[in-house]
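Reading through the structure tokens given below for one structure.
The values are calculated or read from the model by the stated rules, or taken from the named source; none is laboratory data. Because the structure is predicted, anything quoted here is derived from the model rather than measured. Note that each Cβ is placed from the backbone with ideal geometry, even for glycine, and that neighbours are counted across all protein chains shown. Ligands, DNA and RNA are stripped out before the accessible areas are found, and what is left, the full protein with its side chains, is counted by its heavy atoms. Shrake-Rupley method; radii C 1.70, N 1.55, O 1.52, S 1.80 Å.
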Amino acid sequence: MASIKTTPFGTENLSRITQMGFLVIGGELYRFFLSLFFSHTVVKNMDIQGIEIAPIGWTDLNFAILILGITILAIGEVFRRGSVLQENENLTV
């Protein structure tokens, strides 16, 4: 039975990991700006006697999700460097 030699440091995995990182960061920023827009729209257009509605601020931005996205991008960079090392190792053997 022939063994199939595969490596996780392929260019497909590298691009997928990088895309995931950008999608996580972009998704959080999209969610934040969308909620910020709707919050300001509601505050501007609603007038209820005796009730004061305050718009959301920068505290609604989920920094844990942004850190997760940055971590995924860092893992993508590790995979990029690993693919370079794997290519050098394949050329020397």
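Give me the pairs, please: first residue somewhere in the range 68-88 and in a helix (DSSP H, G or I), second residue anywhere and among the hydroxyl-bearing types (Ser, Thr, Tyr) and exposed (fewer than 12 other Cβ atoms within 10 Å of the Cβ), beta-carbon distance under 7 Å, and either six or more positions apart or on two chains.
Between residues of the range 68-88 that are in a helix (DSSP H, G or I) and residues that are among the hydroxyl-bearing types (Ser, Thr, Tyr) and exposed (fewer than 12 other Cβ atoms within 10 Å of the Cβ), the close pairs are Ser83/Thr11.
Conditions first: (1) surrounded by 14 or more Cβ atoms within 10 Å (Cβ to Cβ); (2) modelled with pLDDT under 95. Gly50 passes all but one, so which condition is the exception?
(1)
Would you confirm whether or not the range 26-44 contains a residue that is of a type in the set (S, T, N, Q), open to solvent by less than 100 Å² (accessible area, probe 1.4 Å), modelled with pLDDT of 95 or more and under 19 Å from the mean Cα position of the chain (by Cα)?
no
Condition first: surrounded by 14 or more Cβ atoms within 10 Å (Cβ to Cβ) and either in contact with a strand residue (DSSP E or B) (Cβ under 9 Å, 6 or more places away or on another chain) or over 17 Å from Ser15 (Cα atoms) (or both). Now tell me which residues in the range 71-93 satisfy that.
Across the range 71-93, there are no qualifying residues.
So which pairs qualify, if the first residue must be in the range 12-34 and within 28 Å of Ser83 (Cβ to Cβ), the second must be open to solvent by 40 Å² or more (accessible area, probe 1.4 Å) and not in a helix (DSSP H, G or I), the Cβ gap must be under 6 Å, and the two must be at least 6 apart or on different chains?
Short answer, once both residue conditions are applied: Glu28/Asn62.
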